[in-house]
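Here is the structure we will look at, set down as C-alpha cells.
The values are calculated or read from the model by the stated rules, or taken from the named source; none is laboratory data. No experiment lies behind these values; they were computed from the predicted model shown. Counting neighbours? That spans all protein chains shown, and the Cβs are built from the backbone with ideal geometry, glycine included.
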Amino acid sequence: MSQPRDWSDPTDWVDMLGYEPSEFAAEFLLRNEQFAAECSALLERRRPQPGELIGTAEFARRWGLRFHRPG
C-alpha cells in the first residue's frame, strides 16, 4: 500500500491533476483503509486465478465498481 497523502497539501496531489476520472477513482480506492481491509478479507478467503474477479455484487455496488469483460 502506498504512503498516505496529506490532501490539504497541494504538493501531495499535484501529480494527479492530469488524471482521468477513472484513474482518480482508482487512486482514491487504493488509499481508502476500509476498501483495502475488505479486499484483504476477500483475498484471505480465496486466491483468484489471473484475471478472475472475486467479491459479490454488493461489494461492487458499495464501492461503485464496474468491470468490463475483455473482448
>> Based on this model, can you work out whether ALA37 counts as at pLDDT 75 or above and touching a Leu at 6+ places or on another chain (Cβ under 9 Å)?
In response: no
>> So in the stretch 40-56, with the set limited to residues that are aliphatic (A, V, I, L, M) and at pLDDT below 85, which one is surrounded by the most Cβ atoms within 10 Å (Cβ to Cβ)?
In response: ILE54
> Only one residue in ALA26, ALA41, ALA36, ALA60 is assigned to a helix (DSSP H, G or I) and in contact with a helix residue (DSSP H, G or I) (Cβ under 8 Å, 6 or more places away or on another chain), so which one is that?
Replying inline: ALA36
